[in-house]
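Input: a single structure, listed below in structure tokens.
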Amino acid sequence: MRRCDDCASWEPAGAPGCARCAWLVDEIVEEGWRAFLERDFGAAGPQDERLIAEMVVDEPGKHLWRVVDAAYDRLTCAECGGKLSRGPAGCAPCDLANGFRYAAIEIDRPGVPPGNEHALRVNVAVARRPSGISASEVLLRRLGLPILLEGRLPTTSQAQATKALANKGATEAELEAFMYEEWGTA
């Protein structure tokens, strides 16, 4: 893990507030998209990417979650004008697309505990679309990103203990210290 030069958080835990960390979170998704395009389509221009994105979101259950999330980024919401699925909570098309993204496939990366990819996916989704999610939950999800990317995964009891600390009013520094010391060490 390394500290962000812009916000001093462990990268990318400063997302969504830190532009660099937010870019790093987006890169998690974009790397999957680039690999998908190269593997299945070769060189694709922006217009081709839009058509491919439309195909992907029409059948999210056939694609990896990173590909589906990136496909939504290439489509514009007719209601809010933002990236489809990333608009504010209450934007009906974005809320619907945000729900459909979870039909995508999750495959754990080599060398990580089972469930790491699901945890990473949820934390990435929250960091990319924090609207309608409590500040406490966004904090926990973003602080967990560097740990998950490192290949660690909290046990259920570690995750519950972290949530209990947050509910008791622990500071960001206290939560970070607990999570980075305890998670995935059982």
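The values are calculated or read from the model by the stated rules, or taken from the named source; none is laboratory data. Keep in mind the model is a prediction, meaning the values are calculated, not measured. As a convention, Cβ positions derive from the backbone with ideal geometry for all residues, glycine included, and neighbour counts pool all protein chains shown. To get the accessible areas, we keep the full protein, side chains included, count just its heavy atoms, and leave off ligands, DNA and RNA. Shrake-Rupley method; radii C 1.70, N 1.55, O 1.52, S 1.80 Å.
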Quiz item: What is the one condition in (1) of a type in the set (A, V, I, L, M); (2) touching a strand residue (DSSP E or B) at 6+ places or on another chain (Cβ under 9 Å); (3) more than 21 Å from ARG20 (Cβ to Cβ) that ILE147 does not satisfy?
Solution: (3)
Quiz item: So, of the residues in region 12-31 that are part of a loop (DSSP other than H, G, I, E, B) and either β-branched (Val, Ile, Thr) or open to solvent by 30 Å² or more (accessible area, probe 1.4 Å) (or both), which turns out to be nearest to LEU140 (Cα to Cα)?
Solution: PRO16
Practice problem: Quick one: ALA92 ticks every box in (1) of a type in the set (Gly, Ala, Ser); (2) modelled with pLDDT under 95; (3) open to solvent by 10 Å² or more (accessible area, probe 1.4 Å) except a single one, so which number is it? | Solution: (2)
Exercise. Give the residues of region 56-89 that are of a type in the set (Lys, Arg) and either closer than 17 Å to VAL122 by Cβ or part of a loop (DSSP other than H, G, I, E, B) (or both), sorted by residue number.
Key: ARG66, ARG74, ARG86
Exercise. Being open to solvent by 30 Å² or more (accessible area, probe 1.4 Å), part of a loop (DSSP other than H, G, I, E, B) and either among the aromatic types (Phe, Trp, Tyr) or under 18 Å from ASP69 (Cα atoms) (or both) is the filter here, so list the residues in region 113-132 that pass it.
Key: PRO130, SER131
Exercise. For region 147-171, enumerate the residues that are more than 27 Å from GLY87 (Cβ to Cβ), under 21 Å from the mean Cα position of the chain (by Cα) and surrounded by 13 or more Cβ atoms within 10 Å (Cβ to Cβ).
Key: ILE147, GLU150, GLY151, ARG152, LEU153, PRO154, THR155, GLN158, ALA159, THR162, LYS163
Self-check item: Scan of region 133-161 for residues that are part of a loop (DSSP other than H, G, I, E, B) and either at positive phi or small (Gly, Ala, Ser) (or both), ordered by number
Solution: SER134, GLY151
Exercise. Give region 32-43 a look and list any residue that's surrounded by fewer than 17 Cβ atoms within 10 Å (Cβ to Cβ) and not acidic (Asp, Glu), or say none.
Key: ARG34, ALA35, ARG39, PHE41, GLY42, ALA43
Self-check item: Filter result (open to solvent by 20 Å² or more (accessible area, probe 1.4 Å) and either in contact (Cβ under 8 Å) with a residue 60 or more places away in the chain or not in a loop (DSSP other than H, G, I, E, B) (or both)) within region 172-186
Solution: GLU172, ALA173, GLU174, GLU176, ALA177, PHE178, TYR180, GLU181, GLU182, GLY184
Practice problem: Select from region 45-62 the residues that are open to solvent by 70 Å² or more (accessible area, probe 1.4 Å), among the charged types (D, E, K, R) and more than 20 Å from the chain's Cα centre (by Cα) and list them in ascending order. | Solution: ASP48, ARG50, ASP58
